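Nothing in this text is a laboratory measurement; each read-out follows from the coordinates by a stated rule. Bear in mind that the values here come from a model prediction, so they are computed numbers and not experimental data. Here the Cβ positions follow ideal geometry from the backbone for every residue, glycine too, while neighbour counts run over all protein chains shown.
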Ligand code: SER
């Protein structure tokens, strides 16, 4: 461990943290996805989130100690991003976790050791806070660590009682702050003063569970959850003014500045804010898309859309007119890929999503700009100097045209904008939103509830019917309620009744069409918002209106695929329980048209044999043609009959039971085949761990198997064609080729060495003479240690009296040096062994050997010329 390391890069800080805790028995786990398994939050907001079931005693941890670097997104303070030194949407939280293992004392001791010894913070620069009632933590800091009492601040529950949400695991916490100005003294320490203090490490003593009524019950275990902000650490250690100027974010800002033709440091405050917003949001966007979130008008999809639009908008504010988001995203990917390789793997998806969203938004903005031109024209003609609040609001509301942009363009035309009027319109809008046809903020799940007074919840008839006559109840365009929409528009439609299954229980929403008189809407997804089924689609033909009577028709081929995969998921769970362990329980699932994914709690990986047996069992049940018995029963009765429920899932009084008697019985709202024989065949593609104690099986079944086989078959055919062999001969053929390749490589190596030795003869001409001695010191290309030795011996033989020192870099990161001295040189007091050992040190290595012939190695190839130079000087001065 070094002391007071200066200017560590973000990557180095992350590695030092993980390494410190790995050395103290913590398992390093990969960052979990930004899409949490926890249904109470939209996005992963803290490092502890993936471990919540462990803290709550719902899952047994595989390790008692873990350490992670977790990507997180918080959007509650989005307006502050760029305006303060350290508000972000995206950030990385470094954490160490104890699951019922070490507690307060140890966590504090390590927190201090890490801060002072590894990151080299001087104790004078540190201040800590504790929860006001936590005398124990106060005592540990003062008596065991030696922090002066004046530098330990007691804080209230708002600051120092950490809760993961309204309910859930929680506990008192203790935070470590960096003090930029210890010279200001201990008298008036105000931790809120961000010109002096920055909190960088939060230690949570996770020991309670808070229920809906707000009361605390002790958890089964006393746990530790900590969070260190990587960006903040980088700010302190890199000695920059704010988090945005660290190496984790600044290159993105520079890319954006370059596109805009700006220099960040000489820009005004407003421009800097826009650049910082871009730098921050692009990181969120890249990681969200990498974690398979797509822009939409609901839930996390809407968060993504909003972030992308803010990037585009701030781009325009600093003078970028064309599309630019993919260019800044490229920088963000390059910065993150070593820690999060999935951003590079998902590069194509990231770029495609950005391009689509950006160009759509730009088109809207362009339409707004045209309107603004007309408005300006009108204002000028009337001899006025201000654009009305009403007009500015229309631009904002209908065209997503931000006020700042309207103001800027107005300014260019020597006009102002009536901001008071704008705000009044905004207020009216909020009031109007209480009425039926309103702008609906779909970010909050269930926001369509507001409409509940005016329309009925959707009746779902899709268990038995593939088509229905229905009425259009609500029509949304970009989240805004409309009376009508035309061909070419992306819309969200709520019908009074529908055969479309809405995404839930892991099964994706149906695809299909909504059609009417001259109208055709292609439905691309269906999601449930409380009691409403929202159909996401695009109007292909005609004009759709609220109140229209339409036919809703699902794509039955897609539905059949989803059904096969869904029933196969149930059979898979039953087979895992039967063959591997009856205690296995579902942790999550995905049922789509082309594959299925089943996550389950299991402390170990499956053997290849178990995987095969599970697959065989499922296929046996398929072949046995079991019929489904689907019933709606009271929950208690369903459980009494032994139906499998998902842990942690909330069920109503009445539940739907999918029963394949004697095979599988599960509570499930999904759609299923009526007989297992319809599935046809089932194939497991992979089995792997996804989080501690959670395994994932990916499989295909039914018609989707053909797609899978076609891809594999094409690869095999291609290999057979190239190698001119039968499929079963491919592996052997490849083994033969690999052996041949290895042999050839060896031959090449040998030949290269021989060549080098032959070439080394020419070194004779370069030998220097000092009295009776001849000296040869030289570097050879790519020669391995053995050949280097032969070459040195051969040269020494030829010069007879003298010294030969040869060096080479046989492979990257490896240096070889050989010294061969004649007895006359030894008599002068030079021993080849000692000599070569000393020279090799320069290259970060060492070695030795006999007085007449010795060999050494090193690591730093860049130092070889310097090492040889030293050898030459040494020989010259000793032998002359
Ligand atoms: N959960 C705590 C936080 O988010 C510590 O990791 O600050």
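For the chain, the longest principal axis of the alpha carbon atoms and the long axis of helix 104-113 meet at an angle near 50°. Peptide packing for 342-348, 144-150 was compared via the average number of neighbouring C-beta atoms within 10 Å per residue; ordered from the highest value, the list is 342-348, 144-150. The calculated 222 nm mean residue ellipticity attributable to helices in the chain amounts to -12000 deg cm²/dmol, summing -39500 (n - 2.57) over DSSP H runs of n ≥ 4 and dividing by all residues. Classify region 746-832: rounded, prolate or oblate, from the alpha-carbon gyration tensor (a ≥ b ≥ c, eigenvalue square roots; a/c under 1.5 rounded; otherwise prolate if a/b is larger than b/c)? Verdict is prolate for region 746-832.
Across region 228-379, Cα pairs under 8 Å and at least six residues apart give a relative contact order of 22 percent.
Restricting the calculation to Cα atoms, region 499-568 shows an Rg/Rh of 1.01 when the hydrodynamic-style radius is the Kirkwood one.
Does region 686-817 classify as rounded, prolate or oblate by the C-alpha gyration tensor (a ≥ b ≥ c root eigenvalues; a/c under 1.5 gives rounded; else a/b over b/c gives prolate, otherwise oblate)? In terms of gyration-tensor shape, prolate.
Remark: relative contact order (the chain) = 6 percent; criterion is Cα-Cα distance under 8 angstrom and separation of 6 or more residues.
Considering only alpha-carbon pairs that sit under 8 angstrom and 6 or more positions apart, the relative contact order computed for region 571-693 is 28 percent. Shape annotation for region 190-322: C-alpha extents along the principal axes are 58, 41, 24 Å, from largest to smallest. In terms of other Cβ atoms within 10 Å, 362, 8 run from fewest to most in the order 362, 8. The ranking of 56, 875, 219 from fewest to most other beta carbons within 10 Å of each one's beta carbon is 56, 219, 875.
Listing 415, 495 from fewest to most neighbouring C-beta atoms within 10 Å gives 415, 495.
The alpha carbon centroids of region 480-544 and region 549-598 are separated by 23 Å. Put the Cα centre of region 349-412 next to the Cα centre of region 1-75 and the gap is 43 Å. Size estimate for the chain follows the Kirkwood approach: the inverse of mean 1/r over distinct Cα pairs works out to 32.9 Å. Using a Förster distance of 25 Å, how high is the FRET efficiency between residue 744 and residue 812, based on the Cβ-Cβ distance and rounded to 0.05? Efficiency, from the Cβ-Cβ distance: 0.75. Taking Cα atoms only, the orientation of helix 325-336 departs from the longest principal axis of the chain by about 50 degrees. Taking the alpha carbon gyration tensor of region 46-154, multiplying each eigenvalue by 5 and rooting it gives semi-axes of 26, 23, 14 Å, largest first. Centre-to-centre, using Cα atoms only, region 260-305 and region 105-144 are separated by 36 Å. With the convex hull of the Cα atoms taken as the outline of region 554-668, the averaged projected area works out to 8.0 nm².
When you count the other C-beta atoms within 10 angstrom of each residue and take the mean per peptide, 21-34, 734-747, 692-705 line up highest first as 692-705, 21-34, 734-747.
When Rg and Dmax are taken over the Cα atoms of region 182-227, they come to 16.6, 46 Å. Sorted on the mean count of surrounding Cβ atoms within 10 Å across their residues, most packed first, peptides 188-195, 236-243, 652-659, 166-173 read 166-173, 236-243, 652-659, 188-195. Mind pulling the angle between the C-alpha long axis of helix 730-760 and the longest principal axis of the chain? Nearest 10 degrees, somewhere in 0 to 90. For 730-760 against the chain, the angle is about 30 degrees.
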